[in-house]
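One structure is given below, encoded as structure tokens.
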Amino acid sequence: MSDRISAYQPPRDDAIRSFASGLASHQRKHHRLVMLQAYFDDSGSNATDPVFVLGGLVSTVEKWEAFSDKWRGVLAQDPPLAYFKASEARNRTGEFERGWTRDIIDQRIFELTEVICEHVEHRISCKILRSEWNHHVASLERIAGRELGIEYTSPYWVSFYSICLGVAHIAKSTDQTLPCDFVFDEQGKLGAETVQWWQNLKTSMRPMARPFIGNAPSFRDDKIVVPLQAADLYSWFVHASYVRHFKQEFEELSHVHQMFMRVPTVAVEYDRQKLRHLRRMAKPAFKAGRFAPPSSDAWQEQL
């Protein structure tokens with residue numbers, strides 16, 4: 001194994017179990033391995049992209065530990081990778097710049113997807129068409145009569161809230177008794193502002209969802225926390241499933257789709273009707289000076 005790969009292999013307790021370290025000792029002893037952890041990444045964040053996707057994967061601490069060992073084993077195969085990033089695989093840049101053919105890349109994606117499907121309990125995604133979102137923001141600005149903050153103009157915020165709410169429903173449906181840990185890929189300023197809004201988001205949720213939403217989310221480096229690399233692959237897959245109608249994507253996409261079909265899914269798309277509903281909710285929120293959250297009704301029907 002090359003030095004560059006070993007450099008990205010922290011002890012698995014640091015990478016996975018550390019997120020459960022805030023529990024009381026008796027909780028760690030009896031519940032630590034069954035508590036849920038959810039890892040998320042986005043795809044299509046460029047304003048010119050036709051669709052924005054925030055996608056993630058949910059499983060237990062124990063399964064994430066086993067996943068991380070298996071994932072690193074696949075990365076270490078020849079030719080070795082220090083980490084996986086879908087954009088680099090798609091464009092044959094970064095880790096995929098030298099010594100990689102399209103067939104080898106497709107095979108590696110297939111093997112990594114297999115690792116995901118063997119260890120993940122649920123997959124979850126939120127998709128927003130960029131054209132509909134731009135129309136939504138323009139309409140909101142006309143309603144407000146002023147320039148809006150990032151909580152209204154970024155599709156990340158709506159997706160973030162919906163994803164957290166969806167995980168709460170998953171936790172409830174699987175009889176979880178502890179809050180879920182949320183781990184997102186680093187987002188810089190946007191991530192910092194998300195943490196600041198966390199309590200506001202929790203307060204705006206329906207009471208049934210709040211027990212499953214724990215402390216503020218963590219924003220971590222996906223080169224170190226390998227479940228985030230899996231979330232990156234999955235969000236790319238959801239994104240590619242849409243954009244392949246516009247341009248040719250990887251030939252293995254259908255095979256990846258068949259594998260992901262084995263994993264229970266929760267998916268929501270903010271179409272024109274749902275965005276119109278958000279604007280109706282925003283009017284009283286503008287007056288009260290607070291964030292208008294998405295409705296949780298849609299999740300009830302999907303679980």
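The values are calculated or read from the model by the stated rules, or taken from the named source; none is laboratory data. Just so you know, these numbers come straight off a predicted model, no measurement behind them. So basically every Cβ, Gly included, is an ideal-geometry build from the backbone, and we count neighbours across all protein chains shown.
State which residue is farthest from Ser125 (Cα to Cα) when the search covers only the stretch 256-276 and only residues that are part of a loop (DSSP other than H, G, I, E, B) and touching a residue at least 12 places away in the same chain (Cβ under 8 Å).
Top of the filtered list is Arg262.
Where residues in the stretch 213-224 are surrounded by 17 or more Cβ atoms within 10 Å (Cβ to Cβ) and free of Cβ contacts under 8 Å to residues at least 60 places away in the same chain, which of them is farthest from Cys164 (Cα to Cα)?
Arg220
Conditions (1) modelled with pLDDT under 95; (2) within 20 Å of the chain's Cα centre (by Cα); (3) surrounded by fewer than 22 Cβ atoms within 10 Å (Cβ to Cβ); (4) small (Gly, Ala, Ser), marked per residue:
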position: Pro50; (1), (2), (3), (4): yes, yes, yes, no
position: Gly56; (1), (2), (3), (4): yes, yes, no, yes
position: Val74; (1), (2), (3), (4): no, no, yes, no
position: Ser87; (1), (2), (3), (4): yes, yes, yes, yes
position: Asn91; (1), (2), (3), (4): yes, no, yes, no
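Of a type in the set (Gly, Ala, Ser) and within 18 Å of Asp41 (Cβ to Cβ): which single residue out of Ser139, Ser131, Ser87 fits that description?
Ser87
May I ask you to list the residues in the stretch 103-150 that are under 25 Å from Val243 (Cα atoms), surrounded by fewer than 19 Cβ atoms within 10 Å (Cβ to Cβ) and basic (Lys, Arg)?
Of everything in the stretch 103-150, just one residue is under 25 Å from Val243 (Cα atoms), surrounded by fewer than 19 Cβ atoms within 10 Å (Cβ to Cβ) and basic (Lys, Arg), namely Arg130.
Going by what's in this entry, would Glu114 be described as modelled with pLDDT under 80, assigned to a helix (DSSP H, G or I), under 20 Å from the mean Cα position of the chain (by Cα) and not aromatic (Phe, Trp, Tyr)?
No.
Starting from residues that are modelled with pLDDT of 75 or more and of a type in the set (Phe, Trp, Tyr), keep the ones in the stretch 170-197 and report whichever is farthest from Met35 (Cα to Cα).
The qualifying residue farthest from Met35 (Cα to Cα) is Phe184.
So, Glu252, is that one modelled with pLDDT under 70 and of a type outside the set (Lys, Arg) or not?
When the stated conditions are applied, Glu252 passes them.
Asp232 is checked against (1) modelled with pLDDT of 75 or more; (2) of a type in the set (Asp, Glu); (3) closer than 16 Å to Pro155 by Cα; (4) in a helix (DSSP H, G or I) and fails just one. What number does that condition carry?
Every listed condition holds for Asp232 apart from (3).
Determine which member of the set Arg123, Arg146, Arg108 is more than 29 Å from Trp64 (Cα to Cα) and of a type in the set (Lys, Arg).
Sole residue among the options that is more than 29 Å from Trp64 (Cα to Cα) and of a type in the set (Lys, Arg): Arg146.
Among the numbered criteria (1) within 22 Å of Gly73 (Cα to Cα); (2) among the polar types (S, T, N, Q); (3) free of Cβ contacts under 8 Å to residues at least 12 places away in the same chain, which single criterion is violated by Thr113?
(3)
Rundown of residues vs (1) out of contact with any Cys (no Cβ under 8 Å at 6 or more places or on another chain); (2) at pLDDT below 85, yes/no style:
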position	(1), (2)
Pro10	yes, yes
Ala15	yes, yes
Gln37	no, no
Gly44	yes, no
Val61	yes, no
Phe67	yes, no
Glu95	yes, no
Trp100	yes, no
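Residues being polar (S, T, N, Q) and outside any loop (DSSP other than H, G, I, E, B): count how many of those fall in the stretch 36-94.
Residues meeting the conditions: 7.
Which one of Glu151, Glu141 is in contact (Cβ under 8 Å) with a residue 12 or more places away in the chain and of a type in the set (Asp, Glu)?
Glu151
Within the stretch 211-221, take every residue that is more than 14 Å from Thr194 (Cα to Cα) and either in a loop (DSSP other than H, G, I, E, B) or at pLDDT below 75 (or both) and give me the one that is farthest from the chain's Cα centre (by Cα).
Applying the filter and picking the extreme gives Gly214.
Which ones in the stretch 153-164 are of a type outside the set (Gly, Ala, Ser) and surrounded by fewer than 21 Cβ atoms within 10 Å (Cβ to Cβ)?
Thr153
Out of Ser204, Ser173, which single residue is in contact (Cβ under 8 Å) with a residue 40 or more places away in the chain, closer than 20 Å to Gly55 by Cβ and hydroxyl-bearing (Ser, Thr, Tyr)?
Testing whether each residue is in contact (Cβ under 8 Å) with a residue 40 or more places away in the chain, closer than 20 Å to Gly55 by Cβ and hydroxyl-bearing (Ser, Thr, Tyr) leaves just Ser173.
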